Amino acid sequence: MAIRVNETGQEFHLYNDTTSYVFRVLEKSNQLEHLYYGKRIQHRHSFIHLKERESRPSSNMFEGDHTSSLEHIKQEYPSYGTTDFRYPAHMITNQIGSHITNFQFRHYEIRKGKPALEGLPATYVEDDSEAETLEITLVDDVLKSRLVLSYTIFTGRSVLTRNAKFINEGNEAFYLNNAMSANVDFPDDDFEMVHLNGAWAREAHVDWQPLFKGNQSVSSSRGASSHVHNPFLALKRPDATEHFGEVYGFSLVYSGNFLAQVEVDTYSVSRIMMGIHPFQFKWKLNPNEAFQTPECVMVYSETGLNGMSQTYHELYRNRLVRGYWRDKSRPILINNWEATYFQFNEEKVLNIVEAAKDLGIELFVLDDGWFGERHDDTSSLGDWFVNTHKLPNGIKGLSEKVEALGLQFGLWFEPEMVSKDTKLFEKYPEWVISTPNRRQSHGRNQFVLDFSRDEVVDYVFDMMDDIISTSKISYIKWDMNRYITEAYSTSLDVDQQGEVFHRYILGVYKLYERLIEKYPKILFESCAGGGARFDPGLLFYAPQTWASDDTDAIERLKIQYGTSMIYPLSSIGSHVSAVPNHQVGRMTPIDTRANVAYFGTFGYELDITKVSNEEKRAIKGQVAFFKEYRHLIRTGDFYRLLSPFNSNEVSWMVVSEDKKEAIVAYYKVLAKPNDKYYRLKLKGLDPEKLYQMKGMTTSHYGDELMNIGIILSRDYVNCVSENESHSHPHDYQSKIFVITEIS
Ligand code: DGJ
């Protein structure tokens with residue numbers, strides 16, 4: 001890994017073993033020209049020959065020069081209005097109401113390692129040898145402002161991270177209307193755009209389209225990264241597949257409103273940018289203040305989408321997730337939500353805990369409904385006082401009893417919300433996000449607390465702290481069940497209302513930071529009505545996220561497949577629930593439900609006191625299986641084999657780093673009569689290693705398993721009757737293969 005600057009100090013080449021990124025300073029204007037991003041290329045003393053200048057009809061910056069149009073120069077961090085008419089990476093309104101900026105290169109600095117981003121989540125290094133950071137300082141003399149563009153290149157990871165920081169060095173405030181985290185001007189448009197699309201209960205469906213000329217984007221303006229799109233975008237070559245070909249991934253480490261946009265111009269230049277959504281954003285930057293953008297993580301892969309995903313998985317697992325739980329196996333939990341919803345009492349909870357203990361489950365999570373008069377979703381959010389009718393011994397007494405029975409105890413909170421019937425609402429009505437003289441829209445009967453105010457964050461911290469400090473709590477599920485409407489904060493001036501959404505998310509991060517600082521051993525699971533905030537920002541605080549409120553195994557094939565585009569299995573909250581399934585009414589076998597849930601953090605969400613003895617035996621076996629293989633599932637390399645988006649068969653597998661062990665899952669959604677022969681080709685094994693599949697006597701070399709595959713048809717040799725089929729086909733079948741190297 002290296003950052004090389006040529007002798008003029010005006011050309012920069014950042015590279016590691018897999019990827020190169022090149023840009024330079026333009027001679028006359030001192031702005032930055034982008035030259036190359038992609039597969040690693042040889043370093044040379046100059047890359048100036050990569051610049052392209054055609055004489056085209058255009059507006060030009062310099063008199064007598066017809067090739068000084070920024071419209072035709074690929075740029076690093078473009079502005080609008082000085083000869084470039086495309087969407088810019090930044091937009092400022094200055095004291096005279098103008099949007100024109102001119103940030104010019106002033107100097108650069110190369111640092112070992114990677115500096116943290118103040119108040120914001122970001123990837124990190126543990127040792128300075130893991131990365132190098134280039135900081136480019138540009139200055140706009142008229143605006144009296146500094147812009148620092150940071151680029152970090154990692155060693156041994158095909159990753160480049162980017163962020164931008166604006167500093168007001170003048171005497172007057174100005175407004176940031178747009179401040180993207182990263183921009184890349186690719187020289188062509190021969191790409192398909194891959195993104196994750198969804199809604200509540202059907203998050204993270206993989207979608208892709210060829211780029212077209214014009215603007216295409218995914219975004220959120222809902223106050224959360226959202227169920228609808230994920231802050232992620234990949235540009236893949238049309239011939240790239242899961243396992244072959246060139247893919248560029250862009251992922252924003254942020255949990256609020258975002259924009260990921262590609263603008264293809266008439267010359268087929270593709271401008272991709274990612275950052276806080278400029279829509280509804282306007283930040284007042286006072287003299288001597290700085291604005292820091294979130295981080296954009298760019299991944300280059302020449303081994304298809306799966307190669308990109310593996311890079312994100314490894315980076316996010318090891319250098320985004322932090323703290324006590326990062327490198328630890330997570331407890332197998334049982335959550336009472338789908339078992340009881342709001343109707344439970346201490347006795348019911350303890351019955352669940354006792355039954356769970358017998359089956360080897362390790363953690364009980366008490367979900368919504370333990371506080372105030374919360375008997376349905378109309379009441380009590382914000383008054384975090386235990387309901388002593390349901391729980392006469394309080395959370396303290398209950399948590400102690402659960403621990404005495406041998407399970408850890410976890411608790412649900414929805415810290416950002418308030419119901420109207422609470423003491424909190426009565427005392428501080430101005431703490432609700434709402435616009436004066438306008439209707440307060442509700443979502444699930446609840447209102448959003450103004451987390452842009454420090455006093456709100458302090459108050460909620462104290463309330464949570466009261467419960468946590470007096471009880472035995474090992475896990476917290478932090479939920480968030482509605483989007484932000486009528487965004488307005490009475491604590492901010494009229495010209496700062498465009499700051500509400502971003503300040504809100506900074507408030508969420510602040511509360512998380514305070515809680516994990518005080519309780520570093522508590523395992524946090526983030527949740528937002530399922531996966532509305534499954535984003536890299538929250539992984540910095542909560543190592544796992546509840547992926548969806550849809551717990552149906554077949555729906556989960558799509559949700560977990562899509563989520564795995566970016567997020568590691570160790571972060572994907574996944575449970576076995578009851579049938580008929582509560583979201584879609586589907587009846588799936590209990591082994592298939594577990595075979596899907598294994599590929600995540602694994603747990604249960606059903607009334608375990610009501611399951612049959614046969615199912616109990618199955619669950620006991622599943623729990624034992626997961627305990628044996630959870631290390632491999634958490635740390636192994638994940639390969640997607642067959643996609644639920646275009647086939648009746650779905651498959652994925654995890655291979656240990658040393659390639660000695662693998663777990664393969666195969667799911668056949670609908671049964672077919674008198675069906676074709678099936679073979680499942682594996683990935684990621686060592687071709688020369690000899691492997692055995694658990695429960696079978698035959699052995700296979702890795703090359704055989706990867707090139708011929710596992711033969712899935714049965715061997716009914718010597719059967720005496722044509723109809724002698726011992727395995728009756730049925731819908732939603734699945735199978736797990738455990739593969740181990742034999743010496
Ligand atoms: C939405 C979550 O996603 C569910 O798992 C559950 O915690 C409910 N909220 C509780 O209200």
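The values are calculated or read from the model by the stated rules, or taken from the named source; none is laboratory data. Predicted model, so just to flag it, every value in this text is computed and none were measured. A quick note on method: Cβ atoms are made from the backbone with ideal geometry, for glycine too, and the neighbour counts reach across all protein chains shown. For accessibility, only protein heavy atoms count, side chains too; no ligands or nucleic acids. Shrake-Rupley method; radii C 1.70, N 1.55, O 1.52, S 1.80 Å.
The set of residues from segment 448-458 being open to solvent by 20 Å² or more (accessible area, probe 1.4 Å) and under 18 Å from TRP412 (Cα atoms) is empty. With respect to (1) open to solvent by 10 Å² or more (accessible area, probe 1.4 Å); (2) more than 12 Å from MET565 (Cβ to Cβ), the lone exception for TRP208 is condition (2).
You will find that of THR303, THR293, THR311, the residue that is in contact (Cβ under 8 Å) with a residue 24 or more places away in the chain and open to solvent by 40 Å² or more (accessible area, probe 1.4 Å) is THR303 and no other.
Here ASN393 passes the criteria (1) farther than 26 Å from ARG533 by Cβ; (2) open to solvent by less than 10 Å² (accessible area, probe 1.4 Å); (3) in contact (Cβ under 8 Å) with a residue 24 or more places away in the chain except the one numbered (2). All of (1) assigned to a helix (DSSP H, G or I); (2) farther than 24 Å from LEU539 by Cβ hold for VAL460 with one exception: (2).
Looking for something at pLDDT 95 or above, over 24 Å from HIS700 (Cα atoms) and within 16 Å of the ligand (Cβ to nearest atom) - is there at least one such residue anywhere in segment 585-600? Yes; the residues of segment 585-600 include at least one that is at pLDDT 95 or above, over 24 Å from HIS700 (Cα atoms) and within 16 Å of the ligand (Cβ to nearest atom). Summed over segment 476-532, residues that are part of a loop (DSSP other than H, G, I, E, B), open to solvent by less than 10 Å² (accessible area, probe 1.4 Å) and more than 16 Å from the ligand (Cβ to nearest atom) total 1. For segment 323-343, filtered to residues that are of a type in the set (Ser, Thr, Tyr) and out of contact with any helix residue (DSSP H, G or I) (no Cβ under 8 Å at 6 or more places or on another chain), the residue that is surrounded by the fewest Cβ atoms within 10 Å (Cβ to Cβ) is TYR324.
Residues being of a type in the set (Gly, Ala, Ser) and within 16 Å of the ligand (Cβ to nearest atom) are entirely absent from segment 313-334.
Conditions (1) within 16 Å of the ligand (Cβ to nearest atom); (2) under 27 Å from SER474 (Cα atoms); (3) among the charged types (D, E, K, R), marked per residue:
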{"residue": "LEU405", "(1), (2), (3)": "no, yes, no"}
{"residue": "TRP412", "(1), (2), (3)": "yes, yes, no"}
{"residue": "VAL418", "(1), (2), (3)": "yes, yes, no"}
{"residue": "GLN446", "(1), (2), (3)": "yes, no, no"}
{"residue": "SER452", "(1), (2), (3)": "no, no, no"}
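Is it the case that segment 599-616 has a residue that's of a type in the set (D, E, K, R) and assigned to a loop (DSSP other than H, G, I, E, B)? Yes, segment 599-616 contains at least one residue that is of a type in the set (D, E, K, R) and assigned to a loop (DSSP other than H, G, I, E, B). Out of curiosity, is GLU661 over 22 Å from ILE559 (Cβ atoms), acidic (Asp, Glu) and within 28 Å of the chain's Cα centre (by Cα)? Spelling it out, GLU661 is indeed over 22 Å from ILE559 (Cβ atoms), acidic (Asp, Glu) and within 28 Å of the chain's Cα centre (by Cα). Elements of the type strands (runs of 3 or more DSSP E) sitting completely within segment 41-149 and holding at least 3 residues that are surrounded by fewer than 16 Cβ atoms within 10 Å (Cβ to Cβ): these cover 104-112. Scanning segment 546-571 for residues that are within 14 Å of the ligand (Cβ to nearest atom) and among the β-branched types (Val, Ile, Thr) yields a count of 2.
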